[in-house]
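Reading through the C-alpha cells given below for one structure.
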Amino acid sequence: MVDPLTMASAFGPVDQSYLLEARQMQALSFAVHIPLVCFGIAFPALVVFAEWLHLRTGNPVYLTLAKRWSKVMIALFAVGVVTGTILSFELGLLWPNFMATFGSVFGLAFGLEGFSFFLEAIFIAIYVYGWDRLSPRRHLLTGIPVIVTGISGSLFVIAVNAWMNNPSGFRVQGGRAVDVHPWSALFGNHFLWHEIVHMYVAAYIVVGFLVAGAYSISWLRGNRSEYVRTALALPLTIAALAAPVQLVVGDWAARTIADDQPVKLAAFEGLAKTTKGASEHILGWYSDGKVTRGIEIPDLLSLLATHNPHGTVQGLDTVPKDDQPPVNVVRFAFQAMVGIGTALAGLAAWFLVVRVRRGRPPASRWFYRGVVAAGPLSLVALLAGWVTTEVGRQPWVVYGVMRTQEAVTGANGILIGYGALVAVYAALIVASAWVLRRIARAPFDQEPAPLPREEGAARAS
C-alpha cells in the first residue's frame with residue numbers, strides 16, 4: 001500500500017468550475033452502461049444454457065428461447081459498444097491528469113479488456129448468425145467464448161476499480177507513477193476478489209429478475225403456455241439461487257472495507273466517532289455528527305464489521321472533514337442496496353421453498369407481481385451499490401493518493417458535452433426499446449408448445 005500523505009502532496013488542484021458536472025457526466029455514463037455489463041456477464045450463459053437443454057432433452061421450446069434470446073443478446077451488445085466507447089473517451093477527456101499519471105498502471109487492463117471485446121464481437125456474431133450454418137454441437141461450442149470474453153472483459157475493468165480503491169504496485173515521483181508493477185497492482189490486489197464476486201453475482205440477479213419479470217407480465221395476463229412457463233422458470237431459478245448468495249458476499253465486502261477503507265464504512269452508518277460496540281441505524285438522517293429519526297440497533301454495526309458485538313469501529317473523526325465523503329448520499333445508497341437485496345433474497349426463498357416442497361413454482365399472483373417489481377428494483381440496488389462504492393471513496397479518485405479535483409480537466413465546454421451526452425443516451429434508450437419490442441413481437445421461428453389440456457379448459461371457462 002502506498003503512503004497516502006506522501007503521494008497526495010505530489011499533485012496540485014486544477015482550476016475547474018465544472019467538477020460537479022464532470023462527476024455527473026461520468027455517473028450518467030456508468031448508470032447507463034453498468035446494466036449492459038450485467039447482460040454481457042450473465043445473459044450469454046443463460047442463452048447457451050437454454051440451447052444445451054434443447055440438445056439434452058430435444059424440447060423445441062428451449063431452442064425457440066435460445067434463438068430469440070440470442071437476438072436480444074446481440075442487440076444489447078451493440079448498445080454496450082456505444083456506451084462503452086463513450087466511457088473510454090470520457091476517462092481521457094474528463095480526467096486527463098488521472099489518465100496521464102496512472103495510465104502505466106492500468107493500461108494493461110484496458111488493453112486486455114479491448115482484446116476481450118474484439119473476441120466477444122467475433123464469436124457473438126458467429127453464434128447469432130450461425131444457427132442454420134453450423135451443426136448443433138459446434139454451434140453450442142461457439143457460445144462458450146462469448147461467455148468467457150463477457151466475463152474476462154468486465155474482470156479487467158473491475159480490476160482497475162479495485163486498484164482505485166486499494167492502490168498499490170507503484171510509487172509517485174515528479175507527479176508521475178514510477179516503479180510500476182501492473183500485474184501486482186491489478187491482480188494481486190486483495191480488493192479485487194470481493195468486487196469481482198459481488199458484481200458477478202449481482203449480474204445474475206439483475207438479468208434473472210429482469211428477464212423473469214418480462215415473462216411474469218405474460219403470466220399475470222393469463223398466458224400459461226409451456227413457452228412462457230419455461231422462459232419464466234430458467235432466469236427466475238438463476239436469480240433465486242444468486243440472491244441469497246449475495247448476502248454472504250456483501251458481508252465479506254463490508255468486512256474488507258472495514259479493514260482497508262474505514263472512513264467509507266463510517267459513512268455507510270453515519271458513525272461520527274470511533275466507537276466500541278457501535279450501533280446500526282436503519283433509515284434516519286445524518287446531521288451534526290449523529291443520525292436522527294432512524295431505528296437504532298445496538299452493537300449491530302460492530303457485529304457486522306468485526307463479527308464481535310463489542311468490536312471497535314473507526315469513525316469519520318479519524319480523518320479531516322475535507323477527507324470525508326458526503327455521508328447521507330452514501331448512507332441512502334448503501335441502505336437501498338441492502339434493503340432491496342434482502343427483499344430479493346426473501347422473494348428467492350419463497351420461490352425455492354415452494355419449488356422444493358411442491359415441485360412447482362408458486363401459484364400466488366402476488367409472487368409474480370413481486371417478480372415484476374424485482375426487475376427494476378434489482379437495477380436500483382445495482383446502481384445504489386456502485387454509488388456506495390464510488391461516492392464512498394470521495395474525495396479520492398485513487399484512494400489516499402489523488403483527489404478527484406486533482407484529476408479533473410480544466411477545459412471549458414463541459415456543459416455542452418453534458419447536454420450532448422444526455423441527448424445521445426435518450427436516443428439510445430428509445431432505439432433500444434424499439435428494437436427489443438420488435439424482437440418480442442416477431443413471429444416465432446417455430447410455434448411454442450400449446451397449453452396443456454387442463455389449463456386450456458380452465459382458461460376457456
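The values are calculated or read from the model by the stated rules, or taken from the named source; none is laboratory data. Note that the coordinates shown come from a computational prediction; the quantities given were computed from them, not determined experimentally. Every residue, glycine as well, gets a Cβ built from its backbone with ideal geometry; the counts of neighbours run over all protein chains shown. For the accessible areas, the whole protein counts, side chains as well, though only heavy atoms, and no ligand, DNA or RNA atoms are used. Shrake-Rupley method; radii C 1.70, N 1.55, O 1.52, S 1.80 Å.
Below are the figures for this structure:
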item	result
Residue, least open to solvent (accessible area, probe 1.4 Å), within the range 418-432, restricted to residues that are within 15 Å of F89 (Cα to Cα) and not aromatic (F, W, Y)	L421
The one condition in (1) open to solvent by 60 Å² or more (accessible area, probe 1.4 Å); (2) within 30 Å of Y368 (Cβ to Cβ) that D179 fails to fulfil	(2)
Candidate set from the range 57-76 (those that are assigned to a helix (DSSP H, G or I) and in contact with a Leu (Cβ under 8 Å, 6 or more places away or on another chain)); member that is most open to solvent (accessible area, probe 1.4 Å)	Y62
Meets criteria (loosely packed, with under 14 Cβ neighbours inside 10 Å and under 28 Å from N328 (Cβ atoms)) for L415	yes
From the options L140, L53, L93, residue that is assigned to a helix (DSSP H, G or I), at pLDDT below 90, over 21 Å from A162 (Cβ atoms) and of a type in the set (A, V, I, L, M, F, W, C)	L93
Residue in the range 252-262 that is open to solvent by 50 Å² or more (accessible area, probe 1.4 Å), within 23 Å of G385 (Cβ to Cβ), touching a residue at least 12 places away in the same chain (Cβ under 8 Å) and part of a helix (DSSP H, G or I) present	yes
Hits in the range 208-227 (condition: surrounded by fewer than 20 Cβ atoms within 10 Å (Cβ to Cβ) and among the aliphatic types (A, V, I, L, M))	A214, I217, L220
Tabulated pairs, the range 336-356, first of a type in the set (V, I, T), second outside any helix (DSSP H, G or I), C-beta under 6 angstrom, 6+ apart or interchain	V354/P362
Residue within the range 358-368 that is part of a helix (DSSP H, G or I) and open to solvent by less than 50 Å² (accessible area, probe 1.4 Å) present	yes
From F106, F110, residue being in contact (Cβ under 8 Å) with a residue 40 or more places away in the chain and touching a Leu at 6+ places or on another chain (Cβ under 7 Å)	F106
